[in-house]
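The values are calculated or read from the model by the stated rules, or taken from the named source; none is laboratory data. In this text, all values refer to a predicted model and were calculated from it rather than measured experimentally. Cβ: placed from backbone, ideal geometry, glycine included. Neighbour counts: every protein chain shown.
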């Protein structure tokens, strides 16, 4: 069995999976901080994008491209940490990721060109993604399907403070220093989280997972996972829903500050309010899970999200695209993330528990890969209106709904 104290194999929890259990808050806060390395790196520097462009003498499109570069790095890095955590344990890949994150943050703080910042952000993401990948595997090591969904909702509560606080902290740092101070802050955050991980996180990987990982190379593990249509359905449903969030993140500064004329200081408040929508929905989802299965929640939430996205797209197409129409609809739309993301992740991880690390990588890669594509499309078709953003969100949610109802949900009902 695993070396971690209190480890429980997934099969052992199956009989009590629907019963509420005591929340391990210490573990959840630590995993939330590790997972938050990515959101902190994405959100904290958003208020500084115009200042970075001015100092580095780069156009807005090139600086906005650093967001897409970060998402691309998050997508690529995912595929390493999952198989590594299955084979070598959960702690070692986390330590490697934190180290890369700290070093790249320092490099970004010292850069003098937009090109090197682009590279630095990509490498920073290669380190940041370790937290999310391994944290999901740690949870699946210890909980069954429904309990994992509940723990993921709690994880969003702890790590969800990052999208709320990060832009505010970034704005405050800009008031006392340059944008470079933001990256020094990220480096310090990585050091604190890394030390906490070394001191507090115990190994949870099971012996069965280790033997499975050693019996096949990562490529064979991914092929085996991709052959399972139910898992692919969950991955695409969650990834395409996540693309809505990433599209908003990449377009929010231009939409709110440039198009709607909101001051940068107030941007953090609007951004935080939308992050609160995601967190609140996750906590509602946590309680609904006491009465409804995760898949049943996704069925309703995905249809509701698609309906709201259709209204948003129609409003922008007919020219009713002012802030008092678009921003409230985005608020409602982003709430769907709280009802879909954790439940689809838990569903995917339940398909093949012995490959939990590799499955977590596949989920993260799908999420950030689709997110990077959606962000790039939003930047490429930017026309000074919220219309491209709205249409991309509609297409992503339509794909999410089709993937879930076509591949994941029918198989779940028969199982």
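Among the residues of the stretch 199-212, those identified as under 25 Å from the mean Cα position of the chain (by Cα) and surrounded by 12 or more Cβ atoms within 10 Å (Cβ to Cβ) are 201, 202, 203, 204, 205, 209. Among the candidates 298, 320, 311, the residue that is assigned to a helix (DSSP H, G or I) and either at pLDDT below 95 or over 18 Å from the mean Cα position of the chain (by Cα) (or both) is uniquely 311. Residues in the stretch 343-358 include at least one that is modelled with pLDDT under 90, surrounded by fewer than 24 Cβ atoms within 10 Å (Cβ to Cβ) and more than 14 Å from residue 301 (Cβ to Cβ).
Mind checking which residues of the stretch 254-271 are within 30 Å of residue 403 (Cβ to Cβ) and at pLDDT below 80? The one that is within 30 Å of residue 403 (Cβ to Cβ) and at pLDDT below 80: 271. Looking only at the stretch 219-263, residues that are within 19 Å of residue 355 (Cβ to Cβ) and surrounded by fewer than 19 Cβ atoms within 10 Å (Cβ to Cβ) come to 8 in all.
Please work out if residue 329 is free of Cβ contacts under 8 Å to residues at least 24 places away in the same chain and either under 17 Å from residue 136 (Cα atoms) or buried (at least 18 other Cβ atoms within 10 Å of the Cβ) (or both).
yes
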